[in-house]
Amino acid sequence: MARRQKEGRKLRLDPFSAIIPYIMVERADAQNHIEISFETANAEAMIRELRHEGYDSIGMLHIIIASYVRTVSQRPAVNRFIRGQKIYARNDIVINLAVKKKMSLDGIETTVKMHFRPEHTIFDVYEIVNEALKEVYEEKGTSVDRVANVINYIPGLIKKGVIALLKTMDYFGLIPGFLLEASPFHGSLFITNMASLNIPPIKHHLYNFGNVPLFIAFGAKRGDLFLDEDGTVRKRRVIDMILNMDERICDGYYYASAMKMLKKYLSNPEELREPPKEIVIDK
């Protein structure tokens with residue numbers, strides 16, 4: 001029986017998979033990246049429909065997050081994490097989102113943390129994301145801000161020791177739950193919206209501290225020429241995404257299958273209106 005920890009349960013995997021975290025100890029050693037693009041026509045049509053139905057602020061961010069949540073429901077191994085050179089299956093889906101409080105050079109950036117379940121639909125995602133963003137824009141300060149402020153008051157040399165202690169506690173799974181909830185370095189996914197800056201996505205590194213195994217950056221919509229099977233050239237609108245991932249949590253074949261599935265939901269998001277017919281459990 002797998003032993004449970006706060007964030008997940010330890011998995012019993014094949015010997016090769018189990019030894020890989022001992023060879024590639026740091027997350028930065030184990031990061032691969034892939035660049036994908038998806039056509040936005042169906043997603044844009046769905047956004048228009050949902051806004052007409054009363055979901056006034058729904059946008060591409062909601063579609064992307066809902067597509068990732070649905071992918072995890074079918075390919076749960078992408079939601080694993082490494083702790084203490086052991087591989088764990090995460091208990092829920094935790095997404096960290098970078099948010100700029102004010103779009104200006106001196107605007108403060110923060111991070112919000114959102115929890116999802118594999119059965120969640122686009123409507124669940126809409127409510128959870130909007131509630132998290134409301135906390136930011138109402139200037140109440142997020143839990144990330146509050147913890148960062150406390151640590152920032154600690155003198156430099158002592159602060160270095162505190163961070164070293166936190167890293168040691170993290171290795172053994174001893175960080176208290178309230179700190180995990182405030183940490184942008186722990187979760188299933190970190191996502192950043194470069195479209196809000198009207199620039200292409202960046203290839204963002206993974207953090208060695210914490211356990212986030214996947215970083216997604218997506219850029220602004222752009223025009224692209226596409227050759228149909230009949231030889232017709234048509235113009236389409238696409239969004240580019242760069243995914244940086246921890247290769248230790250699952251093999252390349254599994255990752256490829258998950259990325260194809262993610263792209264399918266992004267390109268054709270209508271089924272995100274309903275819960276998945278089946279939820280796959282990580283083993």
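The values are calculated or read from the model by the stated rules, or taken from the named source; none is laboratory data. Because the structure is a prediction, the values reported are computed rather than measured. Cβ: placed from backbone, ideal geometry, glycine included. Neighbour counts: every protein chain shown. The accessibility values were calculated without ligands, DNA or RNA, using every heavy atom of the protein model including side chains. Shrake-Rupley method; radii C 1.70, N 1.55, O 1.52, S 1.80 Å.
The table below lists the values:
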{"item": "Filtered residue count, segment 21-44, keeping only those that are open to solvent by 40 Å² or more (accessible area, probe 1.4 Å), β-branched (Val, Ile, Thr) and farther than 19 Å from ILE202 by Cα", "result": "2"}
{"item": "Residue count for segment 230-259, restricted to those that are open to solvent by 80 Å² or more (accessible area, probe 1.4 Å), within 30 Å of PRO15 (Cβ to Cβ) and without any contact (Cβ under 8 Å) to a residue 24 or more places away in the chain", "result": "1"}
{"item": "Residue within segment 187-194 that is within 21 Å of LYS113 (Cα to Cα), surrounded by fewer than 14 Cβ atoms within 10 Å (Cβ to Cβ), out of contact with any Leu (no Cβ under 7 Å at 6 or more places or on another chain) and touching a residue at least 24 places away in the same chain (Cβ under 8 Å) present", "result": "no"}
{"item": "Condition check for GLU131: open to solvent by 60 Å² or more (accessible area, probe 1.4 Å), at pLDDT 80 or above and not in a strand (DSSP E or B)", "result": "yes"}
{"item": "Where LEU227 falls short, out of the listed (1) closer than 28 Å to ILE63 by Cβ; (2) touching a residue at least 12 places away in the same chain (Cβ under 8 Å)", "result": "(2)"}
{"item": "HIS115 being modelled with pLDDT of 95 or more, under 16 Å from the mean Cα position of the chain (by Cα) and either surrounded by 20 or more Cβ atoms within 10 Å (Cβ to Cβ) or outside any strand (DSSP E or B) (or both)", "result": "no"}
{"item": "Set ALA89, ALA77: member being small (Gly, Ala, Ser), in a helix (DSSP H, G or I) and open to solvent by less than 40 Å² (accessible area, probe 1.4 Å)", "result": "ALA77"}
{"item": "Selection from segment 134-178 of residues that are open to solvent by less than 80 Å² (accessible area, probe 1.4 Å), of a type in the set (Ser, Thr, Tyr) and in a helix (DSSP H, G or I)", "result": "SER143, THR168"}
{"item": "Subset of segment 52-74 (residues that are farther than 19 Å from GLU247 by Cα and either of a type in the set (Phe, Trp, Tyr) or assigned to a loop (DSSP other than H, G, I, E, B) (or both))", "result": "GLU53, GLY54, TYR55, ASP56, SER57, ILE58, GLY59"}
{"item": "Whichever residue in segment 8-20 is out of contact with any Phe, Trp or Tyr (no Cβ under 7 Å at 6 or more places or on another chain) and of a type outside the set (A, V, I, L, M, F, W, C) and, among such residues, is most open to solvent (accessible area, probe 1.4 Å)", "result": "ARG12"}
